[in-house]
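The values are calculated or read from the model by the stated rules, or taken from the named source; none is laboratory data. All values reported here derive from a predicted model rather than from experimental measurement. Positions of Cβ are backbone-derived with ideal geometry, glycine not excepted, and every protein chain shown enters the neighbour counts.
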Amino acid sequence: MKTQVVIIGAGPSGLLLGQLLQRAGISNIIIERQMPEYVLGRIRAGILESGTVQLLREAGVSARMEAEGHVHEGVEFVFDGRRVPLSLSNLTAGKTVMVYGQTEVTRDLMEARHREGAYSIYGVGNVQLHELKSATPFVTFEVSGEIQRIDCDYVAGCDGFHGVSRQAIPQDITREYERVYPFGWLGLLADTPPVNPELVYVHHARGFALCSQRSLTRSRYYLQVPLSERAQDWSDERFWGELKNRLPQELAGRLMTGPSLEKSIAPLRSFVVEPMQYGRLFLVGDAAHIVPPTGAKGLNLAASDVNYLWRILCKVYHENRTDLLATYSQMALRRVWKGERFSWFMTSLLHEFSDHSRFDARIQQAERDYYFGSHAGLTTIAENYVGLPFDEVR
């Protein structure tokens, strides 16, 4: 087989890149270790930045998002017993975020790829990348017991933190940056109406909580828990009771509970690898960086990478601008580090840290007092939350 771009990974970043390339007349093949049903079964975040929403429109997959997604013009924060609304649209000249689940984004992209007859291969194993520094790279893999080979011009590694793409870069030329947080998020999904029209971020002495949503009838709630906890030790009754303890009385009083559809604990980490490219291999999304979910940046940073790589490849194929290939890592990382900073900032601001000294705790409180008591502070949070602008590829 031969194509222009091989995309490793059929998550939202790989599918979005494939869709954008397909519409630009650039041939591509996606290979994925899992089967489609498994990919669609992943429960992930659902807050889309304004730039991500626009990118989905450019990809031609926004119709269902526009019909079923929910535009949010603000979010709410709770600390020291106070509810502080944050108007995103008023502080960012009208920008908003869209609540639309990552599973639905993936489904829309899968269906679009099927409609357009683009080629995807699921259930592959033993993926290996070859000759990445040459002008003729190729990818081999095993499917149905047979070894297959795809010759290509470029490889996009969209296969996540545990994928093979990052491992294909020699360790002596990469540098990794990581912070592991001493707690996780216990998440519960339920078919219950959201407790609040907007998302609610809660700082409480018992730990952080987040009231999120997938639709007007499906809610997602999170509790900060020690890493020693196990999801199976949390009954639904225990979860709902602890959530009510962390919410203000008026929110706790109107919280509607119900049986959980899914319950799991996710550890929190910050991670970045530099550079994000090696020869003709380009890392995209979780293959290159991980953020704690507090700032809702994971999927959006992956979309940011896709934006840069897609636009660069369009200029390579349509304008012969091969000089731009060497700019991908720098352009992507500039926005990645800003997303990492915001995610770290939100995590540090709103969680309880067992190793904090009394001084650390007072500094954390002073930070909250400043950012939520200052127009400049609120603007800083709002413009990062809706998404910083993309740099122009030129």
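Consider the stretch 226-263 and keep the residues that are exposed (fewer than 15 other Cβ atoms within 10 Å of the Cβ) and among the hydroxyl-bearing types (Ser, Thr, Tyr). The one that is modelled with the lowest pLDDT is SER228. When VAL316, VAL336 are checked against the criterion of being farther than 30 Å from VAL200 by Cα and either modelled with pLDDT under 95 or in a helix (DSSP H, G or I) (or both), VAL316 stands alone in meeting it.
Within the stretch 50-69, the presence of a residue that is in a strand (DSSP E or B) and either under 18 Å from the mean Cα position of the chain (by Cα) or not acidic (Asp, Glu) (or both) is excluded.
Selection of the stretch 264-298 for residues being of a type in the set (Val, Ile, Thr), touching a strand residue (DSSP E or B) at 6+ places or on another chain (Cβ under 7 Å) and not in a strand (DSSP E or B) yields VAL284, VAL291. Of the strands (runs of 3 or more DSSP E) lying entirely inside the stretch 94-142, the ones with 3 or more residues being touching a residue at least 24 places away in the same chain (Cβ under 8 Å) and either of a type in the set (Ser, Thr, Tyr) or farther than 27 Å from GLY41 by Cβ (or both) are found at 119-122.
For every residue, the table says whether it meets (1) assigned to a strand (DSSP E or B); (2) over 30 Å from LEU281 (Cα atoms); (3) touching an Asp or Glu at 6+ places or on another chain (Cβ under 9 Å); (4) in contact (Cβ under 8 Å) with a residue 12 or more places away in the chain.
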{"position": "PRO182", "(1), (2), (3), (4)": "yes, yes, yes, yes"}
{"position": "LEU186", "(1), (2), (3), (4)": "yes, yes, yes, yes"}
{"position": "THR192", "(1), (2), (3), (4)": "no, yes, no, yes"}
{"position": "VAL195", "(1), (2), (3), (4)": "no, yes, no, yes"}
{"position": "SER212", "(1), (2), (3), (4)": "yes, yes, no, yes"}
{"position": "LEU227", "(1), (2), (3), (4)": "no, yes, no, yes"}
{"position": "ASN245", "(1), (2), (3), (4)": "no, yes, no, yes"}
{"position": "LEU261", "(1), (2), (3), (4)": "yes, yes, yes, yes"}
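In the stretch 82-104, the condition of being within 30 Å of ALA361 (Cβ to Cβ), more than 24 Å from the chain's Cα centre (by Cα) and charged (D, E, K, R) is met by at least one residue.
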